[in-house]
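Right, one structure below, let's go through it.
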Amino acid sequence: MTDAALPLFGPGRHLLSVSQLDRDGLDRLFTLAEYVTPIAERKSVCTVLDGAVLCSLFFEPSTRTRLSFESAFLRLGGEVTTTTGFTFSSMAKGESIADTSRVVSGYSDVLVVRHPDEGSVAEFAAASLVPVLNAGDGAGEHPSQALLDIYTMRRELAARGKAVDGCTIAIVGDLRFGRTVHSLMKLLAIFSPVTFRLFSPPSLELPDAIATFVRDRGHTVVHCDSVVEAVAGADLVYATRVQRERMTEELPPSLRGSLLDRSMLVEAGATDIIVMHPLPRDSRSDSYDLSPSVDDLPGLAIFHQTDNGIPVRMALFLTALGVSAEAVQMTLRQRPWDARLRWEP
Ligand code: NCD
């Protein structure tokens, strides 16, 4: 099935691609995410998903995506069962995606799946008895990340009196294999014209299909020769890690040093720019990623992104399972504990 043929995301529906979201659907999700934020922040507790079971299947490494999906489900009062890697699932014995999906969907109310092959999560969906949420299919898509990225952009830009509509976004790094970039650009295409200023090292350029997709919808794509050129004049910069696990060839020797560091932002006159990254960033020396030298700049939003992953994923579960804000409200109660050492603003 092509992306265009997928139904809009809603109750009882899979979420496989950002093409299943229109502006109304996005606004509804974000309103719900805002509504559940006090629960996400553990200021109150809710049990609306009491008795519901999430099964998360992660066949690729993950920290924040798996744990934030699972935390989101737990915060709504549901229970979580999980399997990680091929080694500990019966796929190691040659079981097909279809059989695996049919089996685990008989044990749960919703599946969250990450798998290294593009299109594989759609195969899970085809055999599942319950909604499947795509948590990353190879170099294909990562819709929930695009949602939390745009949710974060909206908030960070609003704090500066700006909007996502009409903004200028620099996207730098591995644009070829970075699925978060693919989903992000496609989802931004539903906004009023955005200008994308792209920089990628040789051999890691954005697939033509994505540039064409956004241009056909009236957006501007500018290819830049350096990070400094991409960032200058942009409202925000979105940096990505080189997806070494998807590359068969040797890394080009140009991929040394930092992808984006403080000196580049100084040179671009952009030390107050909003800085985003889906994370993880590779913090080893010479890793060609976002340098920690930007960490004390005022626009650093990378941990706002990770925090926002919880309410956005809570909103995805509520939507897929057809639960209203009113139903959430009916089960709300005060949090009886206080364990945080530090509250972030
Ligand atoms: C990204 C992914 O897995 O695509 N991580 C994430 O989910 N936040 C980006 C990456 O691994 O570089």
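The values are calculated or read from the model by the stated rules, or taken from the named source; none is laboratory data. Keep in mind that this is a model prediction, so the values were computed, not measured. Cβ sites come from the backbone with ideal geometry, for glycine too, and all protein chains shown count toward neighbours. Keep in mind that these areas ignore ligands, DNA and RNA; they rest on the heavy atoms of the full protein, side chains included. Shrake-Rupley method; radii C 1.70, N 1.55, O 1.52, S 1.80 Å.
Take the range 125-175 and flag every residue that is of a type outside the set (Asp, Glu), within 16 Å of the ligand (Cβ to nearest atom) and in a loop (DSSP other than H, G, I, E, B). 138, 139, 140, 142, 173, 175 - these are the residues of the range 125-175 that are of a type outside the set (Asp, Glu), within 16 Å of the ligand (Cβ to nearest atom) and in a loop (DSSP other than H, G, I, E, B). Quick check, is residue 283 part of a loop (DSSP other than H, G, I, E, B), at pLDDT below 95 and within 16 Å of the ligand (Cβ to nearest atom)? Answer is yes for this residue.
Restricting the first member to the range 2-28 and to residues that are closer than 16 Å to residue 148 by Cα and among the small types (Gly, Ala, Ser), and the second to residues that are part of a loop (DSSP other than H, G, I, E, B) and open to solvent by less than 60 Å² (accessible area, probe 1.4 Å), the beta-carbon pairs closer than 9 Å and six or more apart or on different chains are 17/6; 17/140; 17/141; 19/6; 19/141; 25/9; 25/10.
Only one of the numbered conditions (1) out of contact with any strand residue (DSSP E or B) (no Cβ under 6 Å at 6 or more places or on another chain); (2) at pLDDT 95 or above; (3) crowded, with 16+ Cβ neighbours inside 10 Å is not met by residue 231, and that is (1). Looking at the range 1-43 only, could you name the residues that are of a type in the set (Asp, Glu), under 22 Å from residue 75 (Cβ atoms) and assigned to a helix (DSSP H, G or I)? Passing the criteria: only 34.
Exactly one residue out of 120, 62, 68 is within 16 Å of residue 316 (Cα to Cα) and within 16 Å of the ligand (Cβ to nearest atom): that is 68.
Selection of the range 251-266 for residues being over 18 Å from residue 176 (Cβ atoms), open to solvent by less than 90 Å² (accessible area, probe 1.4 Å) and in a loop (DSSP other than H, G, I, E, B) yields 257, 258, 261. Taking the criterion of being aliphatic (A, V, I, L, M), in contact with a helix residue (DSSP H, G or I) (Cβ under 6 Å, 6 or more places away or on another chain) and open to solvent by 30 Å² or more (accessible area, probe 1.4 Å), the only residue of the range 46-72 that qualifies is 48. So, of the residues in the range 240-250 that are outside any helix (DSSP H, G or I) and either in contact with an Asp or Glu (Cβ under 8 Å, 6 or more places away or on another chain) or without any contact (Cβ under 8 Å) to a residue 24 or more places away in the chain (or both), which turns out to be nearest to the ligand (Cβ to nearest atom)? So the residue we want is 241.
For the range 150-181, the tally of residues that are open to solvent by less than 10 Å² (accessible area, probe 1.4 Å) and either assigned by TED's automatic domain parsing to the domain that holds residue 19 or not aliphatic (A, V, I, L, M) (or both) stands at 6.
For beta carbons closer than 7 Å, sequence separation of 6+ or different chains, a first residue in the range 98-121 that is touching a residue at least 60 places away in the same chain (Cβ under 8 Å) and in a strand (DSSP E or B) and a second that is of a type in the set (A, V, I, L, M, F, W, C) and open to solvent by 10 Å² or more (accessible area, probe 1.4 Å), the qualifying pairs are 110/130; 110/321. Cβ separations smaller than 7 Å between residues 6+ apart or across chains give the following pairs from the range 143-160 residues that are closer than 16 Å to residue 121 by Cβ to residues that are in a loop (DSSP other than H, G, I, E, B) and open to solvent by 10 Å² or more (accessible area, probe 1.4 Å): 145/278.
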